[in-house]
Amino acid sequence: MARVMTFCHSYASMICLGTGLGEGRMRFSETFGIVRTNDDDWFDPLLLADTNLCVDPFLIYDDEQESWAQAHDDMIDFFVVVLRMVKQANGNENSPSWGKAKSLLLFPEPDEFCLGVTEGSPRGSGAGKGLQIPMLASAKVAVRLDIESIEHVEELVLFQEGMGLDRISDMVCNVLKSHFISYTQQIAKRHGVKTELIRVKHSSWDEKTARWRDELVDLPRNPYTGSAVLLVPARFLRELLTVGPDDFWDWAWRQEPEQLRADFNYDLASRVSAAMKAQMARQNPGLVRNFLRECEERDKRPYDIENDPLLRTTTYELGQSLAKNNPLSFTPSGPGEFKEFIEALVGAYAHGIEHSDAWRLLWDKERFRPESACQSLFRFAAAQYCRAHKIDLTSEANAGRGPVDFKFVQNWQSRALIEMKLASNSGFWHGLTKQTVQYLKSEQLDYALFVCICFDNKHFDPKFRGEVKKLAADTSALHGVEIKAMFIDARPKASASRLR
């Protein structure tokens, strides 16, 4: 979602970017005063926003530590129980066995981990039914194929389309949550971190009764969400899963080209749908297993958290640095200056991109980074600007995933929305005329900044900028709102002092 920030007056979970709770300390280690040692192999999460990484079950499978090898076995045992329940149901979806299987395959988003492919708040997204239906369908396929045991959970994942890697990661975190609880408790004990009894959903599951347990568990508490915090070994995190339908299709085509051509009318020049890839997996379970065994032998590396090549783990610190090197000189004294303040926030961010080496952060060698990287960097820079000027803000629980709502504590109501898009985005014009308007209506706002990130010379043509400004004015007049266009020049610049 392209919406970056909505600044408003509301009451929700505290960020306290100025004075008060946390003083801007957002990482787990900062919040609990931990000095890391060589024994600390855990990823240090931001407690206020999800980090765009996932837990890869294949990296757990490959791990040399006995405890994590057991964890992977437990995960397989879980799905063996599911298969047994589905088999006992014998196609009767009203039977108790089917009901148990259905209940086990409910995977709420585990907000304790602060991980997610769509970077946002670590608050969960409801009941977690995103995988329940496709996993039940996969289990039915497996039973029909007389599969009673699996070696990797990906064997079931490949049988159905639409299983996003973030939801698969959620599934792994749910099933293995008891292992991550023990791991986090060990770290907390070693560093003397304060813990308390917190209710944790899906803290464990019972093989005999085929049920989830929700339990009170002694864990650190996330001061921003109120949930427990669970840590993950950094070596289990990736930006993409080891096994995916695209990889399987490409591999299978190399192994069985004649069979696939006959079965699926494979055309090298066409795109193969996700449904067709899943169908191919269902019709060739032996091929799926051979593929997974080959995957076992492949070199699989976790995400490079320290160097952060995709700008997924360091935007908080980079935002701090950008704000420090490009200070904001304006502080609002009342609601009449609110719009000026919001524009100054964007202006300070733009200054860092345009007049220092901060533009380098938005480039990966010769390629411009995704829109989400620009948004994430801005989000944390804006947070630092507010903190530096002692402006306390409060963030809604779903900040970053959908609406990002902040409250100024000076007891005056002022509301605004910032929509940030790459000028090259195929949905750029739609974002200006439709999305921004819809966001304003849904949030009951009447003021927005439409921020255009430009990294190509053609977007600096006066005609292009004139069209954007005119369309913003026309859209504003049509809908009775105020949408102001701003532009940021993210093109490569002559070398200056590096931000990093």
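Can you tell me which condition Arg289 does not meet? The list is (1) of a type outside the set (S, T, N, Q); (2) at pLDDT below 75; (3) closer than 13 Å to Glu154 by Cβ, and all the others hold.
(2)
Filter region 349-365 down to the residues that are modelled with pLDDT under 90 and outside any helix (DSSP H, G or I), then identify the one that is nearest to Ala382 (Cα to Cα).
Here the answer is Ser356.
Taking the condition surrounded by fewer than 18 Cβ atoms within 10 Å (Cβ to Cβ) and out of contact with any Phe, Trp or Tyr (no Cβ under 6 Å at 6 or more places or on another chain), does Ser424 pass?
Taking the combined requirement at face value, the residue satisfies it.
Where residues in region 52-73 are acidic (Asp, Glu) and in contact (Cβ under 8 Å) with a residue 40 or more places away in the chain, which of them is surrounded by the fewest Cβ atoms within 10 Å (Cβ to Cβ)?
Asp63
List pairs: first residue in region 166-177 and within 15 Å of Leu230 (Cα to Cα), second residue of a type in the set (Asp, Glu) and at pLDDT 95 or above anywhere in the structure, Cβ distance under 7 angstrom, at least six positions apart or on different chains.
Once the first residue is within 15 Å of Leu230 (Cα to Cα) and sits in region 166-177, no partner that is of a type in the set (Asp, Glu) and at pLDDT 95 or above comes close enough.
Scanning region 366-409 for residues that are among the acidic types (Asp, Glu) and modelled with pLDDT of 50 or more, which turns out surrounded by the most Cβ atoms within 10 Å (Cβ to Cβ)?
Asp392
Go through region 454-492 residue by residue and tally those that are part of a loop (DSSP other than H, G, I, E, B) and over 30 Å from Ser356 (Cα atoms).
So the answer is 2.
List every residue pair whose Cβ atoms sit under 8 Å apart, with the two residues 6 or more apart in sequence or on different chains, where the first one lies in region 236-257 and is over 18 Å from Val55 (Cα atoms) and the second, anywhere, is of a type in the set (S, T, N, Q).
Here the result reads Ala252/Asn284; Gln255/Asn290; Glu256/Asn284, each pair linking region 236-257 to a residue that is of a type in the set (S, T, N, Q).
Sort out which residues of region 101-112 are modelled with pLDDT under 95, in a helix (DSSP H, G or I) and buried (at least 16 other Cβ atoms within 10 Å of the Cβ), and write them in order of number.
Of everything in region 101-112, those that are modelled with pLDDT under 95, in a helix (DSSP H, G or I) and buried (at least 16 other Cβ atoms within 10 Å of the Cβ) turn out to be Ala101, Lys102, Leu104, Asp111.
The values are calculated or read from the model by the stated rules, or taken from the named source; none is laboratory data. Computed from a prediction, not measured in an experiment: that's the story for all the values here. Using ideal geometry, Cβ is built from the backbone for each residue, glycine included, and neighbour counts are taken over all protein chains shown.
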